[in-house]
Amino acid sequence: MKPKLITTGEPAGIGMDIVIDVLSKQIFNTPMVVCADGKVFGERCEMLYQKGAIAQIPPFAIIDDFSQYQGQNICLLNIPCKDKVIAGKLNVNNAHMVENQLNIAHTLAIQNKVSAIITAPIQKSVMIDAKIRLDNGDIFSGHTEYFMHKCKLDKVVMMLANAKMKVALVTTHIPLKDVPHAITADAITQTVTITHDALQHTFGITTPKILVCGLNPHAGEDGHLGMEEKTIINPTLQTFKDKGMDISLALPADTLFTDKYLQNADVVIAMYHDQGLAPLKSHGFGDTVNITLGLPYLRTSVDHGTALDLAGTGKASSSSLVQAIKMTCL
């Protein structure tokens, strides 16, 4: 059985804490390879155990290269940090270790040596300050974009899911002022196509019902509050409707995230990050999974950040990580 690979992300944050918590509880009967600094990981295990946050320190074998992996249930792939790690204290000198985790994860997944990637949170500001760049030369902007460029793709889709709803995004980590220029017919077409295919082939929904947010208040109010719906969004969505897809035209986002609409929807497509993720997280923060659709491998993630104030305290919740791992078992 191929293992799942977990990246622990920012070493000063709660990534190691939540991974240790899950491993200590032995929730999953599947082999896992964890990317972390072996020494720091061991210290964090001991710290959490001494605080009573975990009942036992999970047994793990340490390897320095994946070629040494021999099918252990829990195996730690040692990726050393450059500087000392202090829980809750960011250190830009350790940013390259974080990027190294992601690069190794991609390499092993694209080579089909692991069955899925599950990522713990990273600190984007540290990655940017360290001048970590994507393969196209752009400054680092997040996991989603990182794996997209590693796979030499022009478009993937960030989708977050919980028990209440699934939300996919046309645009992700860009400034709000840049969103209108990024709402193109091509971006919408690719988002709808990738999302529809994933709902069918990953989630087993034969005929997905898709609802789409407008960009402007009241979905443009027939052009009085913005023209993007009339000139770009609705004409593009109409091409899918004409082909028989069960998809709406642009709907006002301020009323779309209500039970009246959600109870009959398999996914909501939002135009930008906070438009979709703010209402979604209000209905299940901590139990939501981030899924990158369109990659040649399965990648899920937690729905939260590094929570530096909780690192090493034993108070961080691992519920989102549990759900992220469960999603890879579908």
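Every number here is computed from the coordinates shown, using simple stated rules; none is lab data. Only a predicted model underlies this, so the values are computations on that prediction, with no experimental measurement involved. Here Cβ is always computed from backbone atoms with ideal geometry, including for glycine, and neighbour counts include all displayed protein chains.
A few comments on the model shown:
- Of Gly312, Gly38, Gly71, the one that fluctuates the most in a GNM where the chain has Cα springs shorter than 10 Å: Gly71
- Beta bridges from DSSP with both residues in region 156-292: antiparallel share about 40 percent, rounded to the nearest 5.
- Taking Cα atoms only, the orientation of helix 273-282 departs from the longest principal axis of the chain by about 70 degrees.
- Global form of region 69-155, assessed from the alpha-carbon gyration tensor, a/c cut-off 1.5: oblate
- Between Thr313 and Leu176, the contour length at 0.36 nm per residue exceeds the alpha carbon distance by 45.8 nm.
- Taken over region 1-51, the alpha-carbon convex hull comes to 71 cubic angstrom per residue.
- Within the chain, percent of DSSP bridges classed antiparallel, to nearest 5: 30
- Burial order of peptide ranges 132-145, 15-28 (average beta-carbon count within 10 Å, highest first): 15-28, 132-145
- Residue pairs, from the table Lys164/Lys315; Lys84/Lys177; Lys164/Lys241; Lys131/Lys166; Lys84/Lys315, whose Cα atoms sit over 30 Å apart: Lys84/Lys177; Lys131/Lys166
- Kirkwood Rh in Å, taken over the chain so that all alpha-carbon pairs contribute: 20.6
- Sorted by Cβ neighbour density within 10 Å, fewest at the top, the residues Met227, Met1: Met1, Met227
- Phi to ³J(HN,Hα) by Karplus 6.51 cos²θ - 1.76 cosθ + 1.60 over region 112-120, Hz, x for Gly, Pro: 6, 8, 10, 8, 6, 10, 10, 10, 8
- Annotation for region 221-317: chymotrypsin sites (Phe, Trp or Tyr not before Pro) lying in DSSP loop with at most 16 further Cβ atoms inside 10 Å of their Cβ are Phe285.
- Loop sites in region 179-237: GluC sites (Glu not before Pro), DSSP, at most 15 other Cβ within 10 Å: Glu221
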